[in-house]
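Working notes for the structure below.
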Amino acid sequence: MFFDKGKINISIQKTNYAPGDMIAGDISLSVKKPVTAKEMSISLVGEQKTTSMQHVSGSTGMQQTTQVVRIYDFKQQLDQEKEYSGEANYHFEIKIPANILGSVPQMPEMGSGLAQGLKIAAGIAAMAGAIPNRQIRWFLQAKLDIQGGLDINKTADITIG
């Protein structure tokens, strides 16, 4: 690859976590030539993807719209601004907040509030003209933030639930 300045690998013991768990792992960084960077960091990120079908006014067709919103972003700095060269290894530990799923906007849960949840969902669908489908993607992102250039980064998908 033309812009290949180096690479990052993320090593974690498992990919399934529960709220309150500790994510521990190691990051290996390898740069091909010395580069000045602002920092080396690891982030726990949650992105909610909402897909909905909406009636197109003036026609009989439906239009699909998709929106991705970052709903959680915790960054931990692993190394400071300096010239990075060769290889480096970093260990990290990130505690998942116990209330992480409660702070995330979600569709109503099935169960005792089923009737109320269906009423809310029906109301939202009536107002928007669509029933939304929401998915949350959780991932770790390791990044070498290079000044004035393309960053070196790597993501690893995880499950929180």
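What follows draws every value from the coordinates through simple rules; no lab data is involved. Please read all numbers here as calculations on a predicted model, not as lab measurements. When we count neighbours, we look across all protein chains shown, and the Cβ atoms used for this are built from the backbone with ideal geometry, even at glycine.
A protection proxy built from the mean count of other Cβ atoms within 10 Å ranks the segments 7-14, 25-32, most packed first, as 25-32, 7-14.
Legend: calculated FRET efficiency, Gln80 to Phe139, from the Cβ-Cβ distance at R0 = 25 Å, rounded to 0.05, equals 0.55. Using a simple spin-label model with pseudo-atoms 7 Å out from Cα toward Cβ, Val69 and Asp4 lie 3.9 nm apart. Here the Karplus curve 6.51 cos²θ - 1.76 cosθ + 1.60, taken at θ = phi - 60°, turns the phi angles of segment 79-89 into couplings of 8, 9, 5, 5, 8, 9, 8, x, 10, 8, 10 Hz, with x standing for Gly and Pro. Figure legend: label point modelled 7 angstrom from the Cα of Leu150 along Cα→Cβ; residues of segment 25-50 with amide N under 18 Å from it are 30-38. For segment 152-161, backbone phi angles converted through the Karplus equation (6.51, -1.76, 1.60; θ = phi - 60°) give residue-by-residue couplings of 9, 8, 8, 10, 9, 6, 9, 10, 10, x Hz, Gly and Pro being listed as x. When the listed pairs Lys14/Lys82; Lys49/Lys75; Lys7/Lys49; Lys32/Lys95 are checked against a 26 Å cut-off, the alpha-carbon distance exceeds it for Lys14/Lys82; Lys7/Lys49; Lys32/Lys95.
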